[in-house]
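Just so it is clear, none of the values below were taken in a lab; they were calculated from the coordinates. Everything quoted here is computed from the prediction, not taken from an experiment. Please note: Cβ atoms are built from the backbone with ideal geometry, for glycine as well, and neighbour counts cover all protein chains shown.
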Amino acid sequence: MAQWRAAVFILVSVIAMATAFTPGCKIRITAKGLELLKQESLKFVEEELENITIPDLSGKEGRFQYTINNVRITELNLTSSDLRFQPDFGLVFEVHNSSISLNFMRRIFYWFFTDAGSINASAEGVNIHTAVRLTKDSLGRLKISNISCDAAVGKMRAEFSGTLRRVYDLLATFITTGMRFLLNQQICPVLNNAGLVLLNSLLDTVPVRTKVDKYVGIDYSLLNDPVVTSENLDMDFRGMFFELQNENDTLVNYAVEPVIREYDRMVYLSLSEYFFDSGMLSYFKAGVLNIRISHDKMPKDLEMLLRTSYFGTIMLLNPSIAEAPMSLELKVTTAPLCVIKPSGTSVSVTAVVSILLLPPGQEPVQLSSMTMECKMSAKVSMKGKKLTLHMDLRRYKGFFFLSFFLSFFQLIPLQTPLKTLLQLAVMPIINDRTKKGVQIPLPEGMDFTEEVVENHMGHLVPSLSPARAVLYSESLPCLLHELCCIQRYPGAFSAVTAHLVPSLSPARAVLYSEVPPELSLL
């Protein structure tokens, strides 16, 4: 019995370890970050309320019969609004003490008399309470699974026009009561339907499992439902790169779980060493970490030094190939490893450098092979929605020379030129690839600048306090507007840039809804 219990315990432990997955990426949106969404949420509610369709209304009071049609909303005055987190649920958006102005046509029958005209009405004391539940769907995407809504119109006033205006004032109570009832019935269904469709469409723009380039992709699937408190919303993402040729391969995450403890800035992104290690492993498996430097891209001084060092070797092999082009091949032998410490981020690489002659029409001739260990410093930064990496060669050590014709002491003078070659020829190639960046899981239309990257043991935290967030539905008018402004006022652009870069104040939301007049200049 004891053995059976032990076997069951081990089985349960194995299953738990298999199903649990430590996140490689975390994102925290704070209450300050909601300020970016507040104006956009208010605009969304206004647009949906303006499109409310109110059915015709008819009734009878004594000898009076009335019909109301062509109801349209003429003005919205949503004076007070609030967007906040609701713990263990999602987001709450509220509108308080607002008003809605309407206009509709009336037709009144009394005995044999008929009269028609327009009525201006206003709904006052409008309160709307909308709660949005955020969950993870089966694909690991953030979704809105439910919207609850409660709307109430405090009172309604009506102003009549026409020859019998004073008589119709007697019917105001009946008409406004009916209109108030219809308005109450229409607000929430419109917001619920539009919210589920439009907001989920916006969330669909967040990358979940997507290509980074033609070699690797990245998995940003949510590991669990978002954790919502009164101060912030936390999301755990897998944060794992994968080789496109072997999408089902996974790397076990033994890294420290990324942690976010701060609340002061708008958005926090925490990345563990696993995030970077999986990326470098994927590129290593794809075979793109191997670099060949041809003679035309090799510094002439280095080529001259190599030919001088190997002149005797070349003459012993075959004097006819002495003028053949020379090249260097760099092959990474194991996947690079990332180490994140409070002092900085470094990447360790072990590679083999081979020096070759390439006689035309013949097989390459290997002159020497060297194993080296390099350590590079890495700087992580954010550009828009993309995470970029810039690396600098800090040091290399542990050269083990395997030469067929030269002694160890003869190869020592090559170390400094080879380091220069790595700095001038290899590092630009690596940084050209890493500067393209990888998108972080944020919806389209939200771009961030002014990041501050803090290093911790085993993970780093870029915190974002956008100096400028552009929230728009059509990117072309926004982009062209910016280009026009820069074209016409280059000095003003420089002044604004100089002002924004040192500023860490909360962002302004710039909303573009139509093509600006400056487009006529293009």
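Odds and ends about this structure:
- Take the Cβ atoms of Lys155 and Asp264, set R0 to 45 Å, and the FRET efficiency comes out at 0.55.
- Charge dipole (Cα centre; +1 on Lys/Arg Cβ, -1 on Asp/Glu Cβ; no other charges) of region 257-315 amounts to roughly 340 debye.
- The peptide list 296-305, 277-286, 322-331, put in order of mean Cβ contacts within 10 Å with the highest first, becomes 277-286, 322-331, 296-305.
- Members of Lys26/Lys436; Lys38/Lys379; Lys43/Lys383; Lys285/Lys331; Lys32/Lys385; Lys32/Lys341 lying beyond 23 Å, as alpha-carbon distances in this model show: Lys38/Lys379; Lys43/Lys383; Lys32/Lys341
- Whole-Å distance, taken between Cα centres, linking region 332-382 and region 207-232: 30
- Per principal axis, descending, Cα span of region 290-336 in whole Å: 39, 21, 15
- Each label point was placed 7 Å from the Cα along the Cα-to-Cβ direction; for Gln366 and Lys300 their separation is 3.1 nm.
- Spacing of the two label points (7 Å from each Cα toward its C-beta) at Lys419 and Lys341, in nm: 1.9
- In summary, the aspartates and glutamates within cross-link reach of Lys435, defined as a Cα separation below 18 angstrom excluding same-chain residues under 8 places away, comprise Asp213, Asp277, Asp392, Asp447, Glu450, Glu451.
- Calculated FRET value between Glu47 and Asn290, using beta carbons and R₀ = 51 Å, to 0.05: 0.45
- Built amide H within the under 5 Å cut-off of Val212, gap 5+: Gly217, Ile218
- Here the Karplus curve 6.51 cos²θ - 1.76 cosθ + 1.60, taken at θ = phi - 60°, turns the phi angles of region 83-97 into couplings of 10, 8, 7, 10, x, 6, 9, x, 10, 10, 10, 10, 10, 10, 6 Hz, with x standing for Gly and Pro.
- For region 115-162, the orientation-averaged shadow of the C-alpha convex hull comes to 5.6 nm² (one quarter of the hull surface).
- Square roots of 5 times each gyration tensor eigenvalue, C-alpha, region 212-320, largest first, Å: 49, 18, 11
- Amide H contacts of Lys385 (H built 1.01 Å from N, in plane; Pro and chain starts excluded): Phe448 sit under 5 Å, all sequence-distant by 5 or more or on other chains.
- Gain upon complete extension [Asn248, Asn193; 0.36 nm per residue less C-alpha separation]: 16.1 nm
- Under 17 Å of direct C-alpha separation, and excluding same-chain neighbours fewer than eight residues apart, Lys297 reaches these aspartates and glutamates: Glu323, Glu329, Asp432.
- Seen from a random direction on average, the alpha-carbon convex hull of region 316-366 projects onto 5.4 square nanometres.
- Residue (of Thr79, Ala123, Phe109) at the positive-pole extreme of region 61-210, dipole from beta-carbon charges: Phe109
- Region 27-80 - convex hull of the alpha-carbon atoms, volume per residue in Å³: 137
- Nearest-0.05 FRET efficiency for Arg433 and Leu202, computed from C-beta distance (R0 35 Å): 0.70
- Between the C-alpha center of region 70-103 and that of region 241-307 there is a gap of 47 Å.
- If only the Cβ of Lys and Arg carry +1 and only the Cβ of Asp and Glu carry -1, the dipole of region 107-255 around its Cα centre is close to 740 debye.
- Seen through its C-alpha gyration tensor, with square-root eigenvalues sorted a ≥ b ≥ c, region 265-386 comes out prolate because a/c lies at 1.5 or above while a/b is bigger than b/c.
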